[in-house]
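The values are calculated or read from the model by the stated rules, or taken from the named source; none is laboratory data. Since the structure is predicted, the reported quantities are computational estimates derived from the model, not experimental observations. Here the Cβ is made from the backbone with ideal geometry for all residues, glycine too, and neighbour counts use every protein chain on show. When the accessible area is computed, the model is the full protein with side chains, heavy atoms only, and any ligands, DNA or RNA have been set aside. Shrake-Rupley method; radii C 1.70, N 1.55, O 1.52, S 1.80 Å.
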Amino acid sequence: MSTFDNATTDRPIGLTAPSGIDRAAHHRLDEAWLSAAWSHPTTRVFVVSGGQVLIDDTADGGTEIVMTPAFEAPVTETHRYFLGTDEDGVSYFALQKDSLPGRMDQPARPAGLREAGLLLGPRDAGLMVHAVALENWQRLHRFCSRCGERTVIAAAGHIRRCQACGAEHYPRTDPAVIMLVTDDQDRALLGRQVHWPEGRFSTLAGFVEPGESIEQSVAREVFEEAGITVGEVEYIASQPWPFPSSLMLGFMARATSSEINVDGEEIEEARWFSREDLTAAFESGEVLPPFGISIAARLIELWYGKPLPRPGSVG
């Protein structure tokens, strides 16, 4: 059992709750099935553009993605992505367009995943993260990395094929480690990136390099960014993070040294915080509470022992 087990572990990490959607990957190459699903009256469709979708508030106080039947959806020849089906047999598709459709008669509003992920229920959050990840990949991988020719979309948005050399290209997911480091006094190491606003601190993170394990990546990133060596590494959870194509692997790590030496390029400042230090820093406004759908806030909460204050609720 995790040594960081406490009441905060019952709350799901953003974008990881079961969505109730079966991705039904076996249908992606079945053009007859996809055509029938698209034409079915229960099918629901939404547009994704530049990482945003339209969302709207519901009568019961929730928030949902604005979806339409397929016959009301904007026309697109190729950028139609099958996302899966729910337990009632409803099929879901996303359409990639250059802009979101206007809805002047309704209060629907555009939102990116960082905002919408906090508001949407598990079904819609799961659909959105899938659609945004596909859109990002499609926009960035239009040409064959083998021969340079333009590729075409296949498998309902999940493959790009090169008709020149026959290569198939699949959506990219880049593994990245994100870790809360603690020392022998049970203090937490938090850092501030050079482009963040003053007072914004969070966990350290970085991409896994070729030829290394995730545990090696944790140790390397912590040493490179803060000059701290780590020993024990404990895996906590993962989180899809399509900004544009990462999978965040969350860890707790135990430091074997304490003298901080930041790299000055990515991390401008890093500090050890006791729980009392961090509470006082939140209350004074010296440190801005990390808040959002990122796994970083949850890792800090597991150590902190309770939910972190929301921005604007302290100071």
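Look at Ser246 and say whether it is touching a residue at least 40 places away in the same chain (Cβ under 8 Å), under 22 Å from Leu15 (Cα atoms) and out of contact with any strand residue (DSSP E or B) (no Cβ under 7 Å at 6 or more places or on another chain).
Here the answer is no, as Ser246 does not meet what is asked.
Which residue out of His40, His79, His27 is in contact with a helix residue (DSSP H, G or I) (Cβ under 8 Å, 6 or more places away or on another chain) and open to solvent by 70 Å² or more (accessible area, probe 1.4 Å)?
Residue meeting the stated conditions: His40.
All but one of (1) in a loop (DSSP other than H, G, I, E, B); (2) more than 25 Å from Gly84 (Cα to Cα); (3) in contact with a helix residue (DSSP H, G or I) (Cβ under 9 Å, 6 or more places away or on another chain); (4) open to solvent by less than 60 Å² (accessible area, probe 1.4 Å) hold for Pro171; which doesn't?
Condition not satisfied by Pro171: (2).
Take the conditions surrounded by 15 or more Cβ atoms within 10 Å (Cβ to Cβ) and in a strand (DSSP E or B) and apply them to Ile236. Does it pass?
Yes: the conditions hold for Ile236.
Please enumerate the residues belonging to the stretch 175-190 that are over 20 Å from the mean Cα position of the chain (by Cα) and part of a strand (DSSP E or B).
Selection gives Val181, Thr182, Ala188, Leu189, Leu190.
Scan the stretch 254-267 for residues that are modelled with pLDDT under 95 and more than 25 Å from Gly14 (Cβ to Cβ) and report the count.
Qualifying residue count for the region: 3.
Could you tell me whether any residue of the stretch 96-107 is in contact with a Leu (Cβ under 8 Å, 6 or more places away or on another chain) and closer than 30 Å to Ala296 by Cα?
Yes: the stretch 96-107 contains one or more residues that are in contact with a Leu (Cβ under 8 Å, 6 or more places away or on another chain) and closer than 30 Å to Ala296 by Cα.
Taking into account only those residues within the stretch 221-230 that are out of contact with any helix residue (DSSP H, G or I) (no Cβ under 6 Å at 6 or more places or on another chain) and open to solvent by less than 40 Å² (accessible area, probe 1.4 Å), which is farthest from Phe251 (Cα to Cα)?
Gly227
Is there a residue being part of a strand (DSSP E or B) and under 30 Å from Arg298 (Cβ atoms) anywhere in the stretch 129-143?
For the stretch 129-143, residues part of a strand (DSSP E or B) and under 30 Å from Arg298 (Cβ atoms): absent.
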